[in-house]
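Each remark here refers to the structure printed beneath this line.
The values are calculated or read from the model by the stated rules, or taken from the named source; none is laboratory data. Quantities reported herein were computed from a predicted structural model and do not represent experimental measurements. Quick reminder, even Gly has a Cβ in these numbers, built from the backbone with ideal geometry, and neighbours come from all protein chains shown. Heads up: the accessible areas ignore ligands, DNA and RNA and are worked out on the full protein's heavy atoms, side chains in. Shrake-Rupley method; radii C 1.70, N 1.55, O 1.52, S 1.80 Å.
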Amino acid sequence: MAYEHQKIERKWQKQWERESFWQAKDFSKKKKFYLLVEFPYPSGQGLHVGHCRSYTALDIVARKRRMEGWNVLFPMGWDAFGLPTENYAVKTGIRPEKATKDNTDNFRRQLKGLGFSFDWTREINTTDPQYYKWTQWIFVQLFKKGLAYKAKIPINWCPSCKIGLANEEVVEGRCERCGAKVAKKEKEQWLLKITKYADRLIEGLKKVDYPERVVLLQKDWIGRSEGYEVEFPLSGSKQSIEVFTTRIDTIFGATYLVLSPEHPLLREDVLKIGNYAAVKKYIERAKSKSDLERTALAKEKTGIELQGVKARNPATGKEIPLFVADYVLPGYGTGAVMAVPAHDQRDYEFARRYGLKAIKVIDSKDALDVYKGEGKLINSGKFNGLPSEKARQKIAQWLKAKKKVNYRLKDWIFSRQRYWGEPIPLVFCPACKARIEAGQGGRLNAGEALNPGWAVVDEKELPVKLPPVKDYKPTEEGDSPLAKIKNWRETKCPRCGGSAYRETDVMPNWAGSNWYFLRYCDPRNNKSLADPKKLKYWLAPPAQSPQGAGGVDWYNGGMEHTTLHLLYSRFIYKFLWDIGAVPREVGDEPYRRRTAHGVILGEGGVKMSKSKGNVVNPEEVAAEYGADALRTYEMFMGPFEQMIAWDTNGLKGVRRFLERVWQLAAKVEAGNSAPDKILEGILHRTIKKVSADIEKLKFNTAVAALMVLSGEMEKRRKICRSVWEKFLLILSPFAPHLAEELWRKLGKKKSIFQEQWPAYSERAAAVKEIILVVQVNGKVRDKIKAKAGLSKEEAEKIALSSAKVRKSIGEAKVKKSFFVPDKLINFVV
Ligand code: ANZ
Ligand code: ZN
């Protein structure tokens, strides 16, 4: 009988769904386990093989956990707000709601066709008003606590499309659609004070189980840096320049100062700069460069001296020149640096180019141009001889410098001037603003005090729904198309009842994915974002959690989301925990364990892309080779965490493996017979390996072990039933449909997924019998069962104990013997 994957797969998918096998049960007495995969953006292209890698991996864990007796939550939903759908609407006029519905229908059908065991009763969609009501509610809480504020900041602006661009729409400094050079434009934006949580976001990393590289990425992104702020007085002026430095121990080597082009002292010519016109021109040019272009180490450093202005180094008392240079950024520290060319690479390059002096102030054994390390001070007056650490304290004390902690992390820009996002639920009232500014505003919450005139929409009026529009294009000034809908924009002030208008910005992509894992715990709640009792059930730390961390038990996703998404959602979660929207007992970290899978590249190792025509469509693969073959292949293709190229030959090999498993069924003995001890030994070692490998994400070696076991079974005429059953059980998470079909062929009434995950026996696993072939002068004389791992001497002894062998040797003398471990011994006589 042929292995007809299509028939089998459809059949079991329907039956599993009918029997609601994968439904998670709130408050079940069983131990709970919450497994989460990053929910997809439902693009028009449909499912990608990369999605399948993540989903198959945790589907395997989910199936195994259920068989181990856990109550498993393994949900799925849609992160459906975003640019592609919106741009499609701009181009075609097709409503984003319609496109989203079509795309999610397609994704759901595709996912079901691959046999993932998601609990579809908990499906969520971030664009559903019943969902984004709570995304807005979270924003309202942030505002009330003073964690949201409006500020003018530069955005990427395409002067030709007249549209603000997201970072991903800027390709090499140009607009992704029209190719025009992107400019910076100042625009009012809402920001969230994630920086207030910076220390806790670092601290919390100690509690969780993340891969080392992810922990480093999180820390890097936050970029905590301890240093000092030091003042450099300007000669002949009362003004001074404040710099931020982590190396105040090098201050005797500071031979010039550098200001960022955006430094407030340069905005107008308050310093009476001799060449102000040239300086101004330089500043203008810097505006068109990105931060990355400005700070890249490889880039040539440019700058211009401020003529007629000098500063005094407070340590040496000497006059030093001032420069403006774009390698100094405005948003970091004080936007000004003391340059130490002997000990800082960028300063060194700049100094060499402009012929500036370098003074070595840290002793180093090597004669380097730039020594970046620490050491004993030289050329530093009374501080000579002190080690860097000590010198920093002493010099700071002497100069009365302020200790300062800086973060690379910036506040999070939380508005977009677009349509397809959650409307920001705020209203602006000019009358209230005037009253507040005159000190007659009455009682204000922290957000109202911080943003005079702005107030939150009454919570009873949430969600603020997206109104239908005719034209999805932003306005000429780059405002959201919502700004064009007068009767939506104009409203009543929630504080005074006067005429006011709504915020027309919407939230960024990340808003809905910040907290979605909470909603899965209670997806239809219309009284709160989720019932605290359910949150407690699903997120409470298990007894064996070492640091008491709770949250999602295991979260897998792409490496590309281990910086921003992880950071943003950890921040929002901590905030929700602080205000009590999440129960205390759960702890303030949302994900107890995080893992990340590698990207799948196209055949030959190039990136998969539509333009290269090398995109593999999982649905087509499943139709031709089977969902089970696709799943098993994606687990077998290589180490889970590594980038790996698609290889159709590999896929075909896995398909052949499954076909051979299918054929093996014919050899299974009808009744229970005494087990073949050697095969049983291999089986138990396989159970042990597969069980452990799944937990360690070593899916490729787990599949390899299954292949070895099936190869052993192939060698036999008959397969003992008990061995076969256990083999099917451990194969079932990988190739669920095939395993279920073969299981039922054994006459089983219950599904294989209602069985228990097999335990392995150390004793059985230890039995490693072999057949020792004994030859005399190359002729086989006997085959003896023996323990594996014999030494040559032991093998000789066993061989010579055989009567057949002794007879064949007779009176002759053994000249020498050859030994192949675990296989053969040959006597030469
Ligand atoms: C003098 C010095 C000597 C420095 C030396 C470094 C090494 P992190 O560690 O990233 O915090 N810096 C300060 N503000 C800057 C800005 N706005 N743009 C560019 N660079 C800036 O880096 C802190 C160091 O980066 C500071 O310490 C300052 O240079 C520079 F041997 O001061 B340092
Ligand atoms: Zn008002």
*asked:* Given the options 81, 33, name the one that is within 24 Å of residue 566 (Cα to Cα), in a strand (DSSP E or B) and touching a residue at least 12 places away in the same chain (Cβ under 8 Å).
replied: 33
*Given the conditions (1) within 11 Å of ligand 1 (Cβ to nearest atom); (2) under 23 Å from residue 153 (Cα atoms); (3) surrounded by 15 or more Cβ atoms within 10 Å (Cβ to Cβ); (4) not basic (Lys, Arg), and given that residue 412 satisfies all but one, which numbered condition is not satisfied?*
(1)
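For the range 399-411, state whether one or more residues are over 25 Å from residue 333 (Cβ atoms) and either within 16 Å of ligand 2 (Cβ to nearest atom) or at pLDDT below 95 (or both). Full working, then the answer.
Start the filter on the range 399-411 by keeping residues that are over 25 Å from residue 333 (Cβ atoms), which leaves none.
Taking every residue of the range 399-411 in turn, none turns out to be over 25 Å from residue 333 (Cβ atoms) and either within 16 Å of ligand 2 (Cβ to nearest atom) or at pLDDT below 95 (or both).
Each row is one residue, and each column tells you yes or no for (1) within 16 Å of ligand 1 (Cβ to nearest atom); (2) modelled with pLDDT under 95; (3) acidic (Asp, Glu).
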position: 429; (1), (2), (3): no, no, no
position: 443; (1), (2), (3): no, yes, no
position: 450; (1), (2), (3): no, no, no
position: 459; (1), (2), (3): no, yes, yes
position: 489; (1), (2), (3): no, no, no
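Which of the following residues is at pLDDT below 95 and within 22 Å of residue 681 (Cα to Cα): 770, 809?
The unique qualifying residue is 770.
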*Please name all residue pairs, on different chains or six or more residues apart, with Cβ atoms under 6 Å, provided the first residue is in the range 244-258 and is among the small types (Gly, Ala, Ser) and the second residue is at pLDDT 95 or above.*
253/340; 253/342; 253/359; 253/361; 254/313; 254/338; 254/340
*What is the one condition in (1) touching a residue at least 24 places away in the same chain (Cβ under 8 Å); (2) open to solvent by 70 Å² or more (accessible area, probe 1.4 Å); (3) touching a helix residue (DSSP H, G or I) at 6+ places or on another chain (Cβ under 7 Å) that residue 137 does not satisfy?*
(2)
*Evaluate the range 458-471: report whether one residue or more is within 16 Å of ligand 2 (Cβ to nearest atom) and either farther than 30 Å from residue 159 by Cβ or in a helix (DSSP H, G or I) (or both).*
yes
_From 419, 371, residue being part of a loop (DSSP other than H, G, I, E, B), among the aromatic types (Phe, Trp, Tyr) and free of Cβ contacts under 8 Å to residues at least 40 places away in the same chain_ = 371
*Residue by residue through the range 709-722, note down the ones that are surrounded by fewer than 13 Cβ atoms within 10 Å (Cβ to Cβ) and part of a helix (DSSP H, G or I).*
711
*What's the number of the condition residue 796 fails, among (1) open to solvent by less than 40 Å² (accessible area, probe 1.4 Å); (2) in a helix (DSSP H, G or I); (3) more than 30 Å from residue 53 (Cα to Cα)?*
(1)
*Has the range 171-180 got at least one residue that is at positive phi and not acidic (Asp, Glu)?*
yes
*Go through the range 506-586 and tell me which helices (runs of 4 or more DSSP H), entirely inside it, have 2 or more residues that are within 15 Å of residue 204 (Cα to Cα).*
564-578
*Tell me, please, whether a residue that is of a type outside the set (D, E, K, R), open to solvent by 60 Å² or more (accessible area, probe 1.4 Å) and more than 16 Å from ligand 1 (Cβ to nearest atom) can be found in the range 548-558.*
no
*Pick from 326, 347: which is crowded, with 18+ Cβ neighbours inside 10 Å, charged (D, E, K, R) and within 9 Å of ligand 1 (Cβ to nearest atom)?*
347
_Filter result (open to solvent by 50 Å² or more (accessible area, probe 1.4 Å) and under 30 Å from residue 317 (Cα atoms)) within the range 197-234_ = 226, 231
_Of all residues making up the range 750-774, the number that are β-branched (Val, Ile, Thr), surrounded by 15 or more Cβ atoms within 10 Å (Cβ to Cβ) and closer than 30 Å to residue 804 by Cβ_ = 4
*Give the number of residues within the range 814-829 that are open to solvent by 80 Å² or more (accessible area, probe 1.4 Å) and at pLDDT 90 or above.*
3
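Just the residues that are part of a helix (DSSP H, G or I) and within 16 Å of ligand 2 (Cβ to nearest atom), please, taken from the range 473-496. Quick ask: steps written out before the conclusion?
Start the filter on the range 473-496 by keeping residues that are part of a helix (DSSP H, G or I), which leaves 481-484, 486-489.
Listed by number, the list holds a single entry, 489.
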*If you take the residues in the range 560-585 that are farther than 23 Å from residue 136 by Cβ and free of Cβ contacts under 8 Å to residues at least 60 places away in the same chain, which one is least open to solvent (accessible area, probe 1.4 Å)?*
585
